[in-house]
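Notes to accompany the following structure.
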Amino acid sequence: MDSPLLLPYQGRHLDLPNRVVMAPMTRGRADDVTGVPHPLTKEYYAQRAGAGLIVSEGIWPEAHGKGGPGIPGLVTDAQVAGWREVTNAVHAAGGTIFAQLWHVGRMTHPLNLPGGAVPVAPSPVRIESEQIFTNAGDVDHVTPRALTAAEAEDLIAAFAAEARNAIRAGFDGVEVHGANGYLIQQFLAENTNRRTDRFGGSLTGRLRFAVEVVRAVAAEVGPERTGLRISPDNPENEIAERDPQATYRALVDAVEPLGLAYLHVIERGAYPALADLRPRWSGTLIGNFNGPEPTGRAAGEKVLAADLADLFSFGRLFISNPDLPARFATGAPLAPYDPASVYGGGAEGYTDYPSLVPQH
Ligand SMILES: Cc1cc2nc3c(=O)[nH]c(=O)nc-3n(C[C@H](O)[C@H](O)[C@H](O)COP(=O)(O)O)c2cc1C
């Protein structure tokens, strides 16, 4: 098979058997009270250990960063112990797994937060066009509370502490979630960051939170174990970026000298993020497309053949095809996933999609 997706990859910090990355995907199955991963989570990821690299679902660094029911944390000893079982299982199956560090900012609701707390954000800008899922169903968003500068500093430290916990839990590295309209992108985008202090007010100000989180995480666990995910021009979750090229060129230039494990770029929107940012990034680049349908093999192959990225991540295909790289290698058919069982619940739609191809 001469698919570029199936070639081994040796980068500055990553040595992987293939270039198929499992994209981070929230599955909402953690214990909603303790934030400990579901007992089946180890099996779920171990089934997918044939990926060159797995990026875990988003995991909160602080309970107010939790976006909805069943989202796991990486703060308490019990959470660390739960994730330790997951990383052991993935490693036993020959895989590599990074933890995604995810604070949702305004993309949550008091019903999802301890003590009914009001969500925090760079500025008090409410989501108007969508509702948010809670244990009481879909409800209107509330107006978030603006973080003080001191609270923003505390959150930077919380990301670093989460990264430390991820390594304690046996993860091979961490990915800072700077994409999809969550806290970090809320700092990057003009419509959600109306601050006038050092965390806003100018391009440098809007970049500061993202850059400081990445720096703090890299200082804590090493740049070789730190990745960053971004989604320039992605309108999801009511983000409106006036000039994504200016913002993301500057962000990439700011983190490039750190020598990170990788940059993970979701291309969605008019701005050709991969082509524009690839020449500015000397390290490993992971491409991802986020369209209405699950991204297929051909799209990933095209990106790698054009040298727009070194690795390509697939999300939805991995839900229902645990042995995705092996199916690419053998031409085995791809199974569709069931949208009804994506979030929450137990084994159904989680660990019960069969592998067609023996992985070892
Ligand atoms: C069920 C589901 C959950 C997701 N959760 C996350 C997440 O926790 N963190 C993240 O960065 N992206 C998340 N995404 C986005 C995916 O990582 C990916 O960018 C998207 O699915 C597009 O890739 P695909 O076309 O291969 O599915 C999620 C996507 C899906 C379908």
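Return a yes/no flag: does the stretch 248-257 have any residue that is in contact with an Asp or Glu (Cβ under 8 Å, 6 or more places away or on another chain) and surrounded by 19 or more Cβ atoms within 10 Å (Cβ to Cβ). Yes; the residues of the stretch 248-257 include at least one that is in contact with an Asp or Glu (Cβ under 8 Å, 6 or more places away or on another chain) and surrounded by 19 or more Cβ atoms within 10 Å (Cβ to Cβ). A Cβ distance below 8 Å, combined with a sequence gap of six or more or placement on separate chains, defines the contacts here; from the stretch 83-101, residues that are open to solvent by 60 Å² or more (accessible area, probe 1.4 Å) reach residues that are of a type in the set (D, E, K, R) in the pairs Arg84/Arg168; Glu85/Lys42; Asn88/Lys42. Among the residues of the stretch 30-56, write down those that are over 19 Å from Pro354 (Cβ atoms) and touching a Leu at 6+ places or on another chain (Cβ under 9 Å). Selection gives Gly35, Gly52, Leu53. The residues on offer are His103, His64, and the sole one that is outside any loop (DSSP other than H, G, I, E, B), in contact with a strand residue (DSSP E or B) (Cβ under 9 Å, 6 or more places away or on another chain) and farther than 20 Å from Gly345 by Cβ is His64. Of everything in the stretch 166-190 that is more than 17 Å from Arg268 (Cα to Cα) and part of a loop (DSSP other than H, G, I, E, B), the residue that is farthest from the ligand (Cβ to nearest atom) is Glu190. Only a single item in (1) open to solvent by 40 Å² or more (accessible area, probe 1.4 Å); (2) of a type in the set (Lys, Arg); (3) not in a helix (DSSP H, G or I) is not met by Arg208, and it is number (3). Quick check on this structure: which one of Ser231, Ser202 is out of contact with any Leu (no Cβ under 6 Å at 6 or more places or on another chain) and open to solvent by less than 10 Å² (accessible area, probe 1.4 Å)? Every option except Ser231 fails the conditions.
The single condition among (1) closer than 26 Å to Glu224 by Cα; (2) in a loop (DSSP other than H, G, I, E, B); (3) open to solvent by 30 Å² or more (accessible area, probe 1.4 Å) that Ala51 does not meet is (3). Among the residues making up the stretch 225-249, a single one is within 15 Å of the ligand (Cβ to nearest atom), modelled with pLDDT of 95 or more and acidic (Asp, Glu): Asp233. How many residues are in contact (Cβ under 8 Å) with a residue 60 or more places away in the chain, out of contact with any strand residue (DSSP E or B) (no Cβ under 9 Å at 6 or more places or on another chain) and outside any helix (DSSP H, G or I) if we restrict to the stretch 211-240? Residues in the stretch 211-240 being in contact (Cβ under 8 Å) with a residue 60 or more places away in the chain, out of contact with any strand residue (DSSP E or B) (no Cβ under 9 Å at 6 or more places or on another chain) and outside any helix (DSSP H, G or I): 2 in total.
Of all residues in the stretch 1-47, those being open to solvent by 30 Å² or more (accessible area, probe 1.4 Å), touching a strand residue (DSSP E or B) at 6+ places or on another chain (Cβ under 7 Å) and not in a loop (DSSP other than H, G, I, E, B) number 0. Listed conditions (1) on the phi < 0 side of the Ramachandran plot; (2) surrounded by fewer than 23 Cβ atoms within 10 Å (Cβ to Cβ) are all met by Gly70, apart from (1). Taking the criterion of being part of a loop (DSSP other than H, G, I, E, B) and among the polar types (S, T, N, Q), the residues of the stretch 71-100 that qualify are Thr76, Thr96.
The values are calculated or read from the model by the stated rules, or taken from the named source; none is laboratory data. Just so it is clear, the model here is predicted, and its values are computed rather than measured. Every residue, glycine among them, receives a Cβ derived from its backbone with ideal geometry; neighbour counts consider all protein chains shown. We work out accessible area using only protein heavy atoms, side chains counted, and drop any ligands, DNA or RNA first. Shrake-Rupley method; radii C 1.70, N 1.55, O 1.52, S 1.80 Å.
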